[in-house]
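Worksheet for the structure shown next.
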Amino acid sequence: MALTAGCAAAPSSFALAGQIPRLDRDEESFLDDFIRQGCLYFYEQASPLTGQVLDRARNDGDGARDPRRMASIAATGFGLTALCIADSRGYLRHDQVIARVRATLEWHLNQMPEVHGFFYHFTDVETGRRWNRGVEVSSIDTALLLCGVQTVRAYFSDQTIRSLAQQIYERVDWPWMLNGGSAFSMGWKPETGFLAARWSHYCELMMIYLLALGSPTHPVSPDTWKAFSRPRVQYAGLDFISGNDPLFTHQYSQAWFDFRHKRDAYANYFDNSISATRAHRAFCLSMPRWYRSDYWGVTASDSMRGYTAWGALGSSSRLDGSVVPSAAAGSLPYLPSECLSVLRAMHARYGERAWGRYGFVDAFNPAARWYNPDVLGIDLGIGVLMAENLRSGMVWQTFMRNADADRAMELAGFHPDGLA
């Protein structure tokens, strides 16, 4: 399944923003391998017993499970969605996918430790136990899992899958995570209670609020949609909502919820993410010492100094010339031409060391001769989902078949863009 080095020419005619583009044969082949190899991670690097997906794994293996045991509840949510993609594309046998999805849902409903329906951020992949005392019950990571749960609920006609998924979602006690406030807490620990930090400014948080608004059992008031601020940023002639957090904050919620051609009282968030991605690319290209049109993009990732949350428009003094493929991959629907072109160019030039069994390594820096040996589930996941959304819109179309998702967006005040 390894790609062959090929031309990194700019993609052919793309449609208007938010529409599925017309891809030429080389572009289609690249995306097919990119998605196929990414989906493989979520099958091979997950426990057949629990369905939990490893937080990270080596990218130079033969498909055997990485011996590390720390699973990520967020990576498992991406993984459930990736299994739907793998089934629709025929990358895995249907019976394999069904068995894995059932096992995952059954474990998370009946055996996985939970608190008011919320799960610990990191756990042991085989036992489901909290990884250590520093790990919190996480609102955002539970939301990422639930997006995967709701995707399989809508995708499969299997009644067992639908019932298990519905029970997992409907068990979540969203008002509890508000902890008496208007904005959601970031989490809870049994030793100290709720974390003081709240989801109170625009970032990847939209999925938490929408999942809570749409809950048929434990909903929150539609007024909570007003609980987070939407600060505006100006850069390179662009004006958009952003907390100047890493680029993934403009990607995660939009991997599932379809914000195209819609707006609420504040913004068209899909168009907003186009502007944020344009600004990020311009920021990178303003530093020609490190970046150029065929080599750009950083987000939260591994680095030579350890895990680093590269700001979307962060201080250039913190950058070192590293590139993170998921930055462009997660923005494929926003800037198809620019993002697909840079991914193909990086593969053609650096693929011998930067590409492995599951696609691109998490991050690399050719000038420093550093290539991360690992892939991270969440970074791989956002690229896979957004690549499929660019290619077919399949994740958006599937997820939005959930009546809960559609109702949530209506309660938040979304309407077709251009209408009052």
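Observations, loosely collected:
- Pairwise Cα distances in region 256-345 exceed 19 Å in 41 percent of cases.
- Label positions at R349 and Q234, each projected 7 Å from the Cα along the C-beta direction, are separated by 3.3 nm.
- Taken over the C-alpha atoms, region 182-233 has Rg and Dmax values of 12.1, 38 angstrom.
- Cα-based shape type of the chain, given that a ≥ b ≥ c are square roots of the gyration tensor eigenvalues and the cut on a/c is 1.5: rounded
- The chain - charge dipole about Cα centre, Lys and Arg +1 at Cβ, Asp and Glu -1, debye rounded to 20: 480 debye
- Computed over the alpha-carbon atoms, region 283-420 gives an Rg to Rh ratio of 1.05, Rh here being the Kirkwood radius from the mean inverse distance.
- A Förster distance of 25 Å, applied to the separation of the beta-carbon atoms of N110 and R401, puts the FRET efficiency at 0.45.
- Ordering 108-117, 187-196 by mean Cβ neighbour count within 10 Å, with the highest value first, yields 108-117, 187-196.
- Paramagnetic label zone (point 7 Å from Cα along Cα-to-C-beta, D223; backbone N under 13 Å) in region 171-186: 181-183
- Projecting label points 7 angstrom from Cα along Cα→Cβ for D320 and A197 puts them 2.2 nm apart.
- Here the mean projected area of the convex hull built on the C-alpha positions of region 27-78 is 4.0 nm².
- Distance from region 111-180 to region 241-266 (C-alpha centre basis), Å: 22 Å
- Stokes-Einstein diffusion coefficient of region 102-218, Kirkwood radius over Cα pairs, 20 °C, 1.002 mPa s, in µm²/s: 146 µm²/s
- Carbon and sulfur %, accessible surface of the chain computed with the full protein complex present, 1.4 Å: 50 percent
- Rounded to 5, the percent of DSSP beta bridges in the chain classed as antiparallel: 95 percent
- Theoretical FRET efficiency, 1/(1+(r/R0)^6), r = Cβ-Cβ of I20 and T160, R0 25 Å, to 0.05: 0.20
- Residues of region 224-253 with amide N under 19 Å of a point placed 7 Å along Cα→Cβ from N179: 224-225, 227-229
- Accessible surface for I20 stands near 70 Å², nearest 10, in the context of the full protein assembly shown (1.4 Å probe).
- Residues of the chain: accessible area per residue with a 1.4 Å probe, Å²: 37 Å²
- Between R305 and H261, the simple spin-label model (points 7 angstrom out along Cα→Cβ) gives 4.5 nm.
The values are calculated or read from the model by the stated rules, or taken from the named source; none is laboratory data. Predicted, not measured: the structure shown is a model, and the values here were computed from it. Neighbour counts are summed over all protein chains in view; Cβ atoms, including those assigned to glycine, are modelled from backbone coordinates with ideal geometry. When the accessible area is computed, the model is the full protein with side chains, heavy atoms only, and any ligands, DNA or RNA have been set aside. Shrake-Rupley method; radii C 1.70, N 1.55, O 1.52, S 1.80 Å.
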